[in-house]
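What follows is a single structure, written as structure tokens, with notes after it.
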Amino acid sequence: MFCRNCSAALLPNANVCTQCGVPAGQGKHFCPNCDAPTDELAAVCIKCGYSLNQPYNTYTVNGVPVQKKSKLAAGLLGILLGALGIHNFYLGYTNRAVAQLLLGTVGSLACGVGPMVSAVWGLVEGIQILTGTINMDANGVPLGD
Ligand SMILES: [Zn+2]
Ligand SMILES: [Zn+2]
């Protein structure tokens, strides 16, 4: 991402541009996606096609905006409902989610520790999500706040 005011490169979650002090996403001089100069009235960047009116932190895949999943929601789901794999369903890691769901449900029939294993597994993943060790969903889209 680039500062819309001065075109300085910004960290993905920066709130303010460290070059010019303008809040990230404010300003109309440069494309946040490719750093090209943009007209103040332009709705899209003529160089890369990025839609300039969308919320600043929108993540795009091949120019198409995608919704970032919430890191906080995913982390809490892992900690609270990790035994059922809910956080992995949320993030799209379906195989892992089904494994946890099976462990957390029918796993108790096979051997009593199934749900405990999946609960600890989910708890650890929930913490990894909150601390940023797991920082993207199954599609490779970074997690939002
Ligand atoms: Zn700036
Ligand atoms: Zn652009």
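The values are calculated or read from the model by the stated rules, or taken from the named source; none is laboratory data. Please read all numbers here as calculations on a predicted model, not as lab measurements. As a convention, Cβ positions derive from the backbone with ideal geometry for all residues, glycine included, and neighbour counts pool all protein chains shown. Side chains are part of the model used for accessible areas, which takes the heavy atoms of the whole protein and leaves out ligands, DNA and RNA. Shrake-Rupley method; radii C 1.70, N 1.55, O 1.52, S 1.80 Å.
Figure the gain on full extension for THR131 and VAL16 (residue separation times 0.36 nm, minus the Cα-Cα span) and round it to one decimal in nm. Intermediate values should be presented prior to the final figure.
Details: separation 115, 0.36 × 115 = 41.40 nm, distance 2.22 nm.
Gain on stretching THR131 to VAL16: 39.2 nm.
Estimated purely from DSSP H runs of n ≥ 4, each contributing -39500 (n - 2.57), the mean residue ellipticity at 222 nm for the chain is -10000 deg cm²/dmol once divided by its residues.
Computed over the chain, the quotient of the alpha carbon radius of gyration and 2.2 N^0.38 Å is 1.37.
Counting only heavy atoms of protein chains, what accessible area per residue, in Å², does the chain have with a probe of 1.4 Å? Let's see the in-between values first.
On the way: 8310 Å² over 145 residues.
For the chain, the per-residue accessible area is 57 Å².
Amide H contacts of VAL16 (H built 1.01 Å from N, in plane; Pro and chain starts excluded): ALA24 sit under 5 Å, all sequence-distant by 5 or more or on other chains.
Normalised by the number of residues in the stretch 71-131, the average gap of Cα pairs under 8 Å and 6 or more apart makes the relative contact order 45 percent. Spin-label pair LEU80-ASN53: with each label point 7 Å from Cα along the Cα-Cβ axis, the two points sit 3.7 nm from one another. Just the protein heavy atoms count here, and of the accessible area of the stretch 1-66 at 1.4 Å, carbon and sulfur take up 55 percent.
Shape verdict for the stretch 9-64, please, from the Cα gyration tensor: rounded (a/c under 1.5), prolate (a/b greater than b/c) or oblate. Could you put the intermediate results ahead of the total?
Details: a/c = 1.92, a/b = 1.30, b/c = 1.48.
Here the stretch 9-64 falls in the oblate category.
Ignoring ligands, DNA and RNA, how do LEU84, LEU102 rank by accessible area with a 1.4 Å probe, largest first? Can you show the working numbers first?
Working: LEU84 60, LEU102 95 Å².
Putting LEU84, LEU102 in descending order of accessible area: LEU102, LEU84.
Out of ILE46, ILE86, ILE134, any idea which swings most in a Gaussian network model of the chain, alpha carbons joined below 10 Å? Largest GNM mean-square fluctuation: ILE46.
Each pair of Cα atoms in the stretch 71-131 enters the Kirkwood radius, and Stokes-Einstein at 37 °C and 0.692 mPa s then converts it into a translational diffusion coefficient of 307 µm²/s.
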